[in-house]
Amino acid sequence: PDPDLTYQLTLTANPAGGGTLYGAGTYEEGAEVEVGATPNPAFVFLNWTHNGTVVSEEPTFDFSMIAEDVKLVANFEATEETVFLTIVIKPAGSGTVIVDGVQYAGVPIQLQTNAQVYIEALPGYGYVFEKWSGIDWSTSQSPILDGYPVSSSMTLTANFKLDPNFQILSLKTNPAGAGITEGGGPARMEEETSVGVTPVEPYEFLNWTDEAGNIVSDYPFFDYPMPSRAVTLTANFKLKDPDPDPDPDPDPDPDPEPEPLEVTFTVSMTKANGFSPMQDRVFFTGSMFDYAIPGENPKQLLEQTSDPMVFSRTLDLLPGRYYFKFYLNEGLSGAEWPSSPIRIADVSSDPDAKNVFHSIFGEHELTVSTGPMLSSPALVYPNPARTTLHIAPEDGQPIFEVRLLNLQGQEVYQAKNLDASRYQIHVGNFKTGLYLLQVLNPMGWYVVRVQVINK
């Protein structure tokens with residue numbers, strides 16, 4: 001035999017849940033391979049077959065590898081007390097099936113003969129339940145089969161169909177494999193649905209086109225108004241251009257990048273109830289730390305000055321506006337006040353500016369604005385977001401106003417006069433980066449740090 005040639009030995013159990021197997025792999029012609037089968041509970045081993053011919057009636061035996069790929073089947077038989085329930089979902093991905101409180105995972109379920117089970121078909125987004133196949137017609141129209149008796153091994157098919165208000169939105173790339181699409185599938189007619197694509201190297205995005213070749217968007221992420229028919233959209237790409245030659249005559253005096261400035265924050269703890277300078281520590285957090293939880297960054301810890309009740313920290317910051325708040329010890333529970341307001345530091349590059357900000361713990365001073373709290377009673381997802389950011393308050397409070405700010409404090413989105421239980425922001429055209437999501441509810445403002453990823 002040629003030692004450079006190897007062949008694949010595949011082992012399969014029949015039925016799939018009948019037992020565990022070992023010995024599969026890649027071998028040379030003539031190799032003696034020990035293969036084995038161990039029956040699962042409620043099964044007995046029958047034999048090994050190759051192309052339907054019995055090759056061994058022993059659960060463990062030595063197989064002589066031949067000069068071709070081989071598939072051996074280990075056959076098992078269930079004992080009389082055991083039956084199997086197999087679930088099929090059509091079309092694939094159109095829904096899920098729950099059996100006795102557990103989502104069906106694609107493996108036949110072992111049951112006792114005549115077991116009575118609870119089965120429920122749950123349609124996926126854009127689909128509705130149609131019927132069951134494999135059972136008596138009189139019970140096939142209900143998505144719930146409560147106490148259904150399984151007297152013998154059977155296959156039950158959950159059939160779903162497209163909701164009348166939906167059509168299928170198909171997405172593809174040109175060339176194939178040039179990008180990774182997001183969205184697609186069932187889409188509600190006459191409403192916008194989020195669509196996106198991320199290029200794969202070495203491609204760059206051009207545009208989206210419909211079946212007729214019409215350009216529908218020049219942005220990789222956008223909201224597509226779904227018509228009352230099935231649609232296929234194509235994300236078109238081209239190979240990236242090679243890097244251009246360096247500028248032969250670069251600007252001899254480009255605008256300099258702003259330099260970080262020394263900025264000092266001090267806080268007096270004289271009015272902090274129960275504060276002990278020997279036992280407690282003082283932290284602060286804010287936009288200069290991307291709103292990290294106090295204690296996550298060593299620079300959040302303020303150091304004691306010559307006055308044991310005054311603490312200070314100097315940071316190197318670029319000019320701009322910063323939001324911050326002081327905390328007693330690590331975590332968010334020791335905030336100097338529980339919600340609004342939040343302090344503001346305007347860092348200036350003016351030569352006459354001192355950039356020193358003095359505060360008294362727990363007192364609202366002139367450096368304080370009515371900004372958001374740093375804790376969030378809302379579920380914000382997905383985070384990071386590419387196309388749509390969803391806001392779902394966990395405490396049931398209505399949403400009155402929503403703002404989205406970049407880390408320079410610039411407002412990039414605002415929605416007022418709301419009274420909504422949920423809200424969503426389309427972020428497909430926003431720049432990649434960190435943002436501060438501010439939400440107003442009856443309890444006041446709160447802030448969530450979110451990330452947007454776009455190209």
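Considering only alpha-carbon pairs that sit under 8 angstrom and 6 or more positions apart, the relative contact order computed for segment 1-148 is 19 percent. In the full protein context, the chain carries 54 Å² of accessible surface per residue, based on a 1.4 Å probe and ignoring ligands, DNA and RNA. Counting Lys +1, Arg +1, Asp -1, Glu -1, what net charge surrounds MET189 among other residues with beta carbon under 15 Å of its beta carbon? Here the count lands on -3. Expressed to the nearest 5 percent, the antiparallel share of DSSP beta bridges inside segment 255-361 is 80 percent.
Between LEU145, TYR22, ASN40, the Cα set farthest toward the positive side of the dipole of the chain (charges on each charged residue's Cβ, about the Cα centre) is that of LEU145.
Taking packing as the residue-averaged number of other Cβ atoms within 10 angstrom, the listed peptides 426-437, 349-360 run from highest to lowest as 426-437, 349-360. Here segment 124-215 is treated with +1 on each Lys and Arg Cβ and -1 on each Asp and Glu Cβ, and its dipole about the Cα centre works out to around 340 debye. Given the pairs LYS238/LYS431; LYS299/LYS431; LYS325/LYS416; LYS325/LYS431; LYS131/LYS172, which span a C-alpha to C-alpha distance of over 24 angstrom in this model? In this structure, LYS299/LYS431; LYS325/LYS416; LYS325/LYS431; LYS131/LYS172 exceed 24 Å between Cα atoms. Relative contact order for the chain: 8 percent, from Cα pairs under 8 Å spaced at least 6 residues apart, divided by residue count. Applying 1/(1 + (r/R0)^6) with r as the Cβ-Cβ distance of ASP352 and TYR125 and R0 = 56 angstrom yields a FRET efficiency of 0.40. Basic side chains Lys and Arg get +1 at the Cβ, acidic Asp and Glu get -1 at the Cβ, and with that the dipole of the chain about its Cα centre reaches some 1820 debye.
For segment 119-278, the carbon plus sulfur part of the accessible surface works out to 50%, probe radius 1.4 Å.
Couplings 3J(HN,Hα) for segment 195-202, derived from phi with the Karplus relation 6.51 cos²θ - 1.76 cosθ + 1.60 (θ = phi - 60°), are 10, x, 8, 10, x, 10, 4, x Hz, where x marks Gly and Pro.
What the Cβ-Cβ distance of VAL107 and GLU211 gives, at R0 = 35 Å and to the nearest 0.05, is a FRET efficiency of 0.30. Under 5 Å from the amide H of PHE160 lie the amide H atoms of LYS90, GLU130, each residue being 5 or more positions distant or on a separate chain, with H modelled from the backbone and absent for Pro and chain starts.
Among LEU206, PHE222, THR193, whose Cα sits farthest toward the positive end of the charge dipole of segment 149-233 (+1 at Cβ of Lys/Arg, -1 at Cβ of Asp/Glu, about the Cα centre)? My answer, from the dipole projection, is THR193. Charge dipole (Cα centre; +1 on Lys/Arg Cβ, -1 on Asp/Glu Cβ; no other charges) of segment 1-146 amounts to roughly 820 debye.
The values are calculated or read from the model by the stated rules, or taken from the named source; none is laboratory data. It should be emphasised that the depicted structure is a prediction, and the values quoted were computed from it without experimental measurement. Backbone-built Cβ (ideal geometry, glycine too); neighbour counts: all protein chains shown. Keep in mind that these areas ignore ligands, DNA and RNA; they rest on the heavy atoms of the full protein, side chains included. Shrake-Rupley method; radii C 1.70, N 1.55, O 1.52, S 1.80 Å.
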